[in-house]
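Read-outs throughout are calculated quantities, based only on the coordinates presented, and are distinct from any laboratory measurement. Worth saying up front: this structure is predicted, and the values here are computed from it rather than measured. Cβ coordinates were reconstructed from backbone atoms using ideal geometry, including for glycine residues, and neighbour counts include every protein chain displayed.
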Protein chains: 2
Amino acid sequence: MESMAEANESAAASIPAATNPMVTPLLTDQYQYTMAYAYWKAGKHRERAVFDLFFRKSPFGGEYTVFGGLEECIRFVANFKLEDEEISFLQSVMPRCEDGFFEFLRQIDCSDVEVYAIPEGSVVFPKVPLMRVEGPVAVVQLLETPFVNLVNFASLVATNAARHRLVAGNSKTLLEFGLRRAQGPDGGVSASKYCYIGGFDATSNVAAGKLFGIPLRGTHSHAFVSSFTSLNEIVSRALQCRDGTSTCKDFVNLVQTWLNKLQHAVSLRGLTGATNESELAAFISYALAFPHNFLALVDTYNVMRSGLPNFCAVALALNDLGYKASGIRLDSGDLSYLSIESRKFFNAIEKEFCIAGFGKTAIAASNDLNEETLDALNKQGHEIDTYGIGTHLVTCYSQAALGCVFKLVEINNQPRMKLSEDITKVSIPCKKRCFRLYGREGFPLVDLMIGVNEPPPMAGDRILCRHPFIESKRAYVVPQHVEELLKCYWPGKSHETREELPSLQDIRNHCMQQLQKMRSDHMRRINPTPYKISVSGRLYDFIHFLWLNEAPVGELQ
Amino acid sequence: MESMAEANESAAASIPAATNPMVTPLLTDQYQYTMAYAYWKAGKHRERAVFDLFFRKSPFGGEYTVFGGLEECIRFVANFKLEDEEISFLQSVMPRCEDGFFEFLRQIDCSDVEVYAIPEGSVVFPKVPLMRVEGPVAVVQLLETPFVNLVNFASLVATNAARHRLVAGNSKTLLEFGLRRAQGPDGGVSASKYCYIGGFDATSNVAAGKLFGIPLRGTHSHAFVSSFTSLNEIVSRALQCRDGTSTCKDFVNLVQTWLNKLQHAVSLRGLTGATNESELAAFISYALAFPHNFLALVDTYNVMRSGLPNFCAVALALNDLGYKASGIRLDSGDLSYLSIESRKFFNAIEKEFCIAGFGKTAIAASNDLNEETLDALNKQGHEIDTYGIGTHLVTCYSQAALGCVFKLVEINNQPRMKLSEDITKVSIPCKKRCFRLYGREGFPLVDLMIGVNEPPPMAGDRILCRHPFIESKRAYVVPQHVEELLKCYWPGKSHETREELPSLQDIRNHCMQQLQKMRSDHMRRINPTPYKISVSGRLYDFIHFLWLNEAPVGELQ
């Protein structure tokens, strides 16, 4: 194997290592190394192979998937190198293998590997390769497991986030709160990253905030509320006004005055009862620490009888000093009812005390939310502005895995096809180019795969698009616009220009645009219209020629 | 905050950092830091708080859970220290907080935190604390998210592994093959670790093999088979005999001779047809590379017509040279039928060619296996020796999250209780000790929680065990043996002896013993008998006194 070419060396230098330091060439299945040895022993290890990475079915009963994980794959490829101690470890578990093989492993990198991919954050569909990876068979095999690992969960959770955004609507703030329930530390960190790509606004996960620049959110928990017992605990009671011109010497007293007013306000009668003093102490303490961002969790004792009036008393006292309270969070109970009642309470206060804008105080809700509960809330009516979503979002509870696979489609210029009695498991052979054809209204109509040597489809042409396996499913399409899907992210030794890795923000924006571009019936939560994927007439004929002969013999021209 | 005490300093020195370098004090929810600031502002940050980590319901519809993740939590605690750049980041996201707070953060470590826990690998039950964490409230709050994160998935996947082992039976070999479908890189690595603890025998994950010393397994994939076209590709055809005394010059020819014999053997007639030559080439190449460990994936083309006879021809040729083939792997189709037919084929060969032991050639099966498919295979009958299990195992597909929580139970020696209208969400207050009471047959009877100042239960005594919330559920128990569950794993500034962290192998052995000890009706896959957890009469009375008064006022003596 030659040393890394200059161009790629500089490319690699500019690409940082994978975010998780555990992503090394050993993060793969043992059989990739045993196969590498068998290839090496047979003298086949440098044979040029093309693999497609694709999935067979969109998750969550939907018809679309958001592609995530590409940047991490490219970071992995750019820094692929086995360390001496890793090779020693492999030697220890493959003790009968010849030394020459470990010498080979010591020398390999990905300088002779080419990676083409659909841009990260794109809306993608089954069977169409998300990535096409070409290179020496023994090297590319080693990439299979980490690539599939890095893409599977990333795409799954980005899709899940996009689905939650679609149900919640664009006007709501969506917060990812899943770290504690995620599948391990970087289960949480990856979830934060890919939920942001899929349309969430912020995360509670500080590590993800630092690693990726995702906005952070967080206030306090029930434990904070329960840790207080009485107002006597509050020693420093002074709070400076927002404009700095004066200081309220006893903020506790100001809050108590407001609580008293609330309890005697005619329009609120019956809404307020005996509020919990320890809760009030917690709220006041939190407000003293964060007068600019006072948000209170109001359900530790009783939302309507205690949490809400306590919050309002503090919010009104803050208002006296020029601050605007951020809002409340509901973490249990009937979120529809409680949010509506809370809104009424805020509105009544706005009216009673002439506090402009108080009625618009934000209401956040959390507690085991998922697509179904968001949908139910929409149907029942609610006054929630912000959702905090954890478990169901980050573990992809309703479908915890996406079945991405990595299939050999060509070796030594000879097409390969994985057959199966299960038609959904048959892979589409040949090194391919992939296109998205757009109609007059700007919606994507169909994705089309062709052999690399075929002429690409052109806007305005009449193009035959065929279902890859079912003869009767075919149509002529005249696209208004044609987009090539697979772009070069790692050119290897070729002279192709390498696509720059976009920033997280750009990936997120791209994702939002892509989702917006789709025809809405493909995006329905229940019973969506299938989006069509197709192959050219020539590729169709070739697939069926191969299939009939049950063994790969020809080559697509 | 004082500097770390000497004893703990040496303890910390001996405990390595968490396995995943992403596990730092920033791997937590933002609100832990905002609360820490509010505690600090209120002068409450050093108040001594006790938190319980527990779950409310065993996963997968079962009545037991395997506790995992403790070692990672202790590693985290032992190395807990905020780096300067981490503090700078926190300053950037909490720009209005006073400098003194960041000074405080700079100084904190876990030298004043005490962690008691049930030994890792133990069988554990709902509501009983897996860990009791005590220390300055602001510090312990920062541990909440990472602890819950580290325990949740670890316990979930260890339990899932144990359940798969229980269905498969002790005689089967269980391989974890999940890396590619896992939720991210360490979703895979953690799954490998905790599946091993829960009873799996090996993993395909090389990184996990290196990190934890878990046995590795792996041979080849369909791509390997499809990468060959004909026997002409095999250039080096020589294979030395196992005993080194001679060399077979043309192993390909020897295999072909055997294939011919198989095709003409009377007892096998009808079983063999036209085998696929590219598959045979792949098998021979693999055998030439791994004559000591020849295991072939036999379903790329057709198991009965091609894969099985090809495998047997190679295995018989290897047998001529003194090697014993490892076996076959089935990755599709009717695994019950195919394994039984394969066994018949092996037996017929053993008889036809008088090859002792050939009938016992191992049969491995993979392909989306889970508890249900293992159970179905048992009912249908099969001849499988080894299962390779991936997706369902490592993503815990049937229930992707365990709901561990971390609840404040005491602060400043004052008990705290989280109330809820949902009885299953009410937490059990007070700093507690926990015991497992064993009956005459050696089975655990009940877990018992008591206040730390109560006299502990003694073997032979008549002990009142009460359901924590339901008055009518209570019984006297006379235990044969009493085991204290919570042991000191991190003594903080106390003089308690620190339990050593056991090796992974010891944790696994402990888990196997614990599972064996359980009464089988608690372990049933469907409709298991609930295992009882209880509180002492005194703790019961105190809980209900607190509950009635809806606010914590007293102290349990």
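Would you mind telling me the antiparallel percentage of the DSSP bridges in chain A, rounded to 5?
Counting only bridges with both partners in chain A, antiparallel ones make up about 65 percent.
Placing a label point 7 Å from Cα toward Cβ, how far apart in nm is A:Glu85 from its equivalents in the other copies, listed shortest first to one decimal?
2.0
With n ≥ 4 as the cut-off for DSSP H runs, can you work out [θ] at 222 nm for chain A, using -39500 (n - 2.57) per run divided by the number of residues, rounded to the nearest 500?
Here the helix-only value at 222 nm equals -11500 deg cm²/dmol.
Starting from the 7 Å offset along Cα-to-Cβ, what nm value, one decimal, do you get for the label separation of B:Arg242 and A:His292?
Those two pseudo-labels are separated by 7.5 nm.
Round to the nearest 0.05 the FRET efficiency obtained for A:Asp99 and A:Ser494 when R0 = 30 Å and r is the Cβ-Cβ distance. Present the calculation step by step, with values, prior to reporting the outcome.
Details: r = 32 Å, r/R0 = 1.08.
Efficiency, from the Cβ-Cβ distance: 0.40.
Can you tally the net charge around A:Leu501? Count Lys and Arg as +1, Asp and Glu as -1, for every other residue whose Cβ sits under 11 Å from the Cβ of A:Leu501.
Counting the neighbours of A:Leu501, the net charge comes to -4.
Have a look at A:Phe177, B:Leu297, A:Val535 and report the one farthest towards the positive end of the charge dipole of the protein assembly as shown, computed about the Cα centre with Cβ charges (Lys/Arg +1, Asp/Glu -1).
Of A:Phe177, B:Leu297, A:Val535, it is A:Val535.
What FRET efficiency comes out for the pair A:Gln414/B:Asn260, r = Cβ-Cβ distance, R0 = 35 Å, nearest 0.05?
E(calc), rounded to 0.05, equals 0.80.
Could you tell me which residue out of A:Ser204, A:Val124, A:Val148 lies farthest along the dipole of region A:118-209 toward its positive end? Charges go on the beta carbon: Lys and Arg +1, Asp and Glu -1, centred on the Cα centre.
Of A:Ser204, A:Val124, A:Val148, it is A:Ser204.
With axes computed from alpha carbons, what is the tilt in degrees of helix A:504-517 against the longest principal axis of chain A, rounded to the nearest 10 within 0 to 90?
80
For chain B, take the longest principal axis of its alpha carbons; what is the angle in degrees between that and the long axis of helix B:84-93, to the nearest 10 within 0 to 90?
Roughly 70 degrees, rounded to the nearest 10.
Could you give, in nm with one decimal, how far B:Glu483 is from each other copy of that position, shortest first, with labels 7 Å out from Cα toward Cβ?
Reported distances to equivalent positions: 5.9 nm.
Taking K and R as +1 and D and E as -1, what net charge do the other residues with C-beta under 13 Å from the C-beta of B:Ile470 add up to?
Working: positive: B:Lys127, B:Arg466, B:Lys473, B:Arg474, B:Lys532; negative: B:Glu471.
Combined, the nearby Lys, Arg, Asp and Glu give +4.
Which value, in debye to the nearest 20, describes the size of the charge dipole of the protein assembly as shown about its Cα centre when Lys and Arg Cβ atoms bear +1, Asp and Glu Cβ atoms bear -1, and nothing else is charged?
Dipole size: approximately 2440 debye.
Please work out the Cα center distance from region B:441-486 to region A:21-79, rounded to the nearest Å.
For region B:441-486 versus region A:21-79, the Cα centre distance is 53 Å.
So what is the relative contact order of chain B, in percent, for Cα pairs below 8 Å that sit 6 or more residues apart?
Numbers: 1099 pairs, mean separation 102.9, N = 557.
Answer for chain B is 18 percent.
Go through B:177-184, B:31-38 and give me the packing order, highest mean Cβ count within 10 Å leading.
B:177-184, B:31-38
Output the 0 to 90 degree angle, nearest 10, between the alpha-carbon long axis of helix B:30-41 and the longest principal axis computed from the alpha carbons of chain B.
20
Which of the peptides A:145-152, B:248-255 is most tightly packed, and how do the rest follow, going by the mean number of other Cβ atoms within 10 Å of each residue?
Top to bottom by mean Cβ count within 10 Å: A:145-152, B:248-255.
Residues with amide H under 5 Å of A:Ala296's amide H, sequence separation 5 or more or different chain, H placed in the peptide plane at 1.01 Å from N; which?
When sequence neighbours closer than 5 places are left aside, the close amide H contacts are A:Gly327, A:Ile328, A:Arg329.
In the neighborhood of A:Met458, defined by Cβ-to-Cβ distances under 15 Å, what is the net charge if each Lys or Arg adds +1 and each Asp or Glu adds -1? Write down the numbers at each step before the final one.
Working: positive: A:Arg433, A:Arg436, A:Arg462; negative: A:Glu454, A:Asp461, A:Glu483, A:Glu484.
That sum, taken over residues with Cβ under 15 Å, equals -1.
Report the residues of region A:399-433 in range of a label on B:Asp368: point 7 Å along Cα→C-beta, backbone N strictly under 19 Å from it.
A:399-407, A:418-428
Express as a percent, rounded to the nearest 5, the fraction of DSSP beta bridges in the protein assembly as shown (both residues included) that run antiparallel.
70
What is the distance in Å between the Cα centroid of region B:291-320 and that of region A:161-208?
Rounded to whole Å, the Cα centres lie 48 Å apart.
If each of A:Trp547 and B:Asp84 carries a label point 7 Å out from its Cα toward its Cβ, how far apart are those two points in nm?
A separation of 6.5 nm, rounded to one decimal place.
Using a label point 7 Å beyond Cα on the Cα-Cβ vector, give me the inter-copy distances for B:Asn260 in nanometres, one decimal, shortest first.
10.9
Sequence gap of 8 or more, or different chains, plus Cα separation below 17 Å: how many lysine pairs satisfy both in region A:165-394?
Details: A:Lys172/A:Lys360; A:Lys172/A:Lys379; A:Lys193/A:Lys210; A:Lys261/A:Lys351; A:Lys324/A:Lys351; A:Lys324/A:Lys360; A:Lys344/A:Lys360; A:Lys351/A:Lys360.
Lysine pairs meeting both conditions in region A:165-394 amount to 8.
Between A:Arg106 and A:Gln91, how many nm apart are label points set 7 Å from Cα along the C-beta direction?
Going from the A:Arg106 label point to the A:Gln91 one covers 0.8 nm.
Under a point-charge model restricted to the Cβ atoms of Lys and Arg (+1) and Asp and Glu (-1), what is the dipole moment magnitude of chain B relative to its Cα centre, in debye to the nearest 20?
Working: 56 positive and 61 negative charges, 314 e Å.
My answer is approximately 1520 debye.
For region A:165-394, calculate the relative contact order in percent as a whole number, restricting contacts to Cα pairs under 8 Å that are 6 or more residues apart.
22
Looking at region B:508-549, which trypsin sites (Lys or Arg not before Pro) are in a loop (DSSP not H, G, I, E or B) and have at most 14 other Cβ atoms within 10 Å?
Here the trypsin sites (Lys or Arg not before Pro) that fit, given the DSSP loop and packing criteria, are B:Arg524.
Out of A:Ser226, A:Ile349, A:Gly307, whose Cα points farthest toward the positive end of the dipole of region A:165-394 (charges: +1 Lys, Arg; -1 Asp, Glu; placed on Cβ)?
Sorting the options by dipole projection puts first A:Ile349.
How large is the charge dipole for region A:165-394, taken about the Cα centre, if only the Cβ atoms of Lys, Arg (+1) and Asp, Glu (-1) carry charge, to the nearest 20 debye?
Here the size comes out at about 360 debye.
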